Each structure stands twice: as C-alpha cells, then as structure tokens.
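*Asks:* I have a structure I would like to understand better, so I am pasting it below and will then ask my questions one at a time.
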Amino acid sequence: MSSERAAVELAKGVNGLEKIIIHETRGSSAEVYLYGGHVTSWKNEHGEELLFVSSKTLFKPPKPIRGGIPLCFPQFSNLGPLESHGFARNKFWSIDTDPPAFPTNSSSKEHIDLILKPSEEDMKIWPHSYEFRLRVALGPGGDLMLTSRIRNTNSDGKPFSFTFAYHTYFSVSDISEVRVEGLETLDYLDNQKNRERFTEQGDAITFEGEVDKIYLSTPTKIAILDHERKRTFVLRKDGLPDAVVWNPWDKKAKAMADFGDDEYKHMLCVEAAAIEKPITLKPGEEWRGRLELSAVPSSYCSGQLDPQRVLQGS
Ligand code: BG6
C-alpha cells in the first residue's frame, strides 16, 4: 500500500488551508502549511507526533499557527520596528517548482520547496526585495531537515539586515522530566530581565518555571533529553549561532488565547537562531540557515541518561 502512495502530496488542512504532506518510505512523515511555510507535523516511523501544536490554535490567518515550526523572519521577537517575530510566519508561501540547485545531495531525499517573495503591500512594511526559499526534507531515518536560503534581490543597490529563528516546538512527555544538553556554561540574554547578559552555571538545563533565554554562540549540536519518554531529540544547525529556549509556564500559558492552560507541560521550544549578530546581505548575496532534527531512543542505564553518547554519537 505505502509504496503506491505519493512521496509528496498536496492536501487540505484545517479550515481548508493548503498543506503538503511528505511521506518517507519507512513510514515517517511531515506536514507543511503554505500559510507561514509552517511545518505543523513531524512523525516518526511508528506514527508518533514529535512536534507540539496547541489544541487552541485556530489556523486562522493572519494569526500565526501556535506550535510546529514557525519561521521568524526578518525580525526575531520585538528586536526592531516590525511585528513580533516578523511576517514570514503569517504570509502565504508558494510551491517553488524550479528551485536553484543545492550543492549537497539533498535532492535524493523526499522534500518540498517553498518560496516567499514580497508583495507591493509587504514592501511598504519592509522596503526590501528578497527571495526566501525553504526546503523541507525527510531523510531515510526520518530526520527532518529544513534549509532556508534568503537572497537580497534589491535593485536599488541597498543591503538589508535581518534576524531569524526556526521557532521549533518539541513535544515532550512532562517538562519537569526534560533536560537540555549543550548550552551549559554559555552566555545568554534573559528575555525576562530586559535581555541582560548572564552566564549559564552548572549542569544541563532543567525546567521548574518560565524560561525565555537567548543562548549565544552555541554549538552546532544540542540535545533535548525526555527522560519519561526515553526519547532524545538531537538538533543540528548550521549558519545559526544562537539558540532560544522558551517555555511560558503556567501564568503566561493562561494569558495566551491560543494556548491551553496546561499545555506548557508538554512542549519546549528550542529555536536555532541568528539574533545577536543580524545577518546583512548585499544585493545578489544569499544566506543559508540549516536545521536538522532527529529523534532517537535515549540511552538509559542504571537510572542515568548518558549525555555523552547523545552528544558524541552520530
Ligand atoms: C519566543 C520568545 O521565541 O517566542 C518569547 O523568546 C515569546 O519571548 C515566544 O513569548 C512566543 O512568541 P509568540 O509571538 O509566538 O507569542
């Protein structure tokens, strides 16, 4: 049966919004909405959902979708004059039928290419011409790969600068059982304290309350260990030096209309980003930012997770 199924299919999602479903032969899948160029689902070969999407999100433009992988472009948060997290997440993207070649062999994986270009109306808000190409691919082991290519197509000779994030919402069993490895001892800007700079102390990051931090100059590999589910997410990134860690906890959760009161227990955002040093492109220049996610069973022995294996393993 599955061999007859198309690897990439166009379907109607919630409220009739168009989405693309990518199937990988061993059973993993991903879904991407044209609204926002937004990945809303990533399932492993057992059909288990790996991303969190709020039960309260309405899938109603112009509100962004709460969950999955919103794209923050050309502005992260309120770090500039635009709406928070920029506009890419609430624009309608198109399927890119003829994308420029990738230097890697990623075309051998099941994938879809999307493109966002500004309309005349958009140019009034951010007066720059650009092409934002997004490739969403599934590897043979079910790894989810997102590649963003952003090109300055200004004809007036002007450069532009932007900040960026893959605002990934991971699904976790219980936030108090989760730890993040790879960010310990790094500097971060604390969004809860006017983005004052601190240095992370001690061990892996665990969660006992609201967290909203921008870690700076982070390693290319970060692991999220879900003790209860015995699952580890490994996040690999390229061109994205920063990493935001966010969980709203109970008070903020209650204040968000599109987020369930208790849903904070079952999600964690770890966002591969370029924030501290904005990316500047001259006309004709292109930036590339790549995120690769895998979900692997945690190594677990004598009641201890083995972070070394997670961080050094392939
Ligand atoms: C995070 C920010 O990336 O996104 C938080 O660090 C913010 O400060 C969160 O609250 C959610 O943002 P939004 O715009 O999707 O509600």
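*Asks:* Take the stretch 247-267 and flag every residue that is away from the ligand (no atom under 12 Å from the Cβ) and either crowded, with 16+ Cβ neighbours inside 10 Å or of a type in the set (S, T, N, Q) (or both).
*Replies:* Scanning the stretch 247-267 gives Gly260, Glu263, Lys265, His266.
*Asks:* Turning to a different aspect of this structure: It is to be established whether one or more residues within the stretch 33-54 are touching a His at 6+ places or on another chain (Cβ under 8 Å), part of a strand (DSSP E or B) and either within 14 Å of the ligand (Cβ to nearest atom) or free of Cβ contacts under 8 Å to residues at least 40 places away in the same chain (or both).
*Replies:* The answer is no, given that none of the residues of the stretch 33-54 is touching a His at 6+ places or on another chain (Cβ under 8 Å), part of a strand (DSSP E or B) and either within 14 Å of the ligand (Cβ to nearest atom) or free of Cβ contacts under 8 Å to residues at least 40 places away in the same chain (or both).
*Asks:* Let me ask something else about it. Restricted to the stretch 91-110, and to residues that are modelled with pLDDT of 95 or more and in a strand (DSSP E or B), which residue is farthest from His23 (Cα to Cα)?
*Replies:* Among those that are modelled with pLDDT of 95 or more and in a strand (DSSP E or B), it is Phe92.
*Asks:* Name the single residue, out of those in the stretch 201-214 being among the acidic types (Asp, Glu) and within 16 Å of the ligand (Cβ to nearest atom), that is surrounded by the most Cβ atoms within 10 Å (Cβ to Cβ).
*Replies:* In this case the residue turns out to be Asp212.
*Asks:* Name the residue that is nearest to Asp250 (Cα to Cα), counting only residues in the stretch 159-208 that are small (Gly, Ala, Ser), in contact with a Leu (Cβ under 9 Å, 6 or more places away or on another chain) and in a loop (DSSP other than H, G, I, E, B).
*Replies:* Ala204
*Asks:* Asn191: touching a residue at least 60 places away in the same chain (Cβ under 8 Å) and within 16 Å of the ligand (Cβ to nearest atom), yes or no?
*Replies:* yes
*Asks:* For the stretch 136-193, what are the residues that are of a type in the set (Asp, Glu) and crowded, with 18+ Cβ neighbours inside 10 Å?
*Replies:* Asp143, Glu181
*Asks:* At pLDDT below 95 and at negative phi: does that describe His266?
*Replies:* no
The values are calculated or read from the model by the stated rules, or taken from the named source; none is laboratory data. Because the structure is a prediction, the values reported are computed rather than measured. Here the Cβ is made from the backbone with ideal geometry for all residues, glycine too, and neighbour counts use every protein chain on show.
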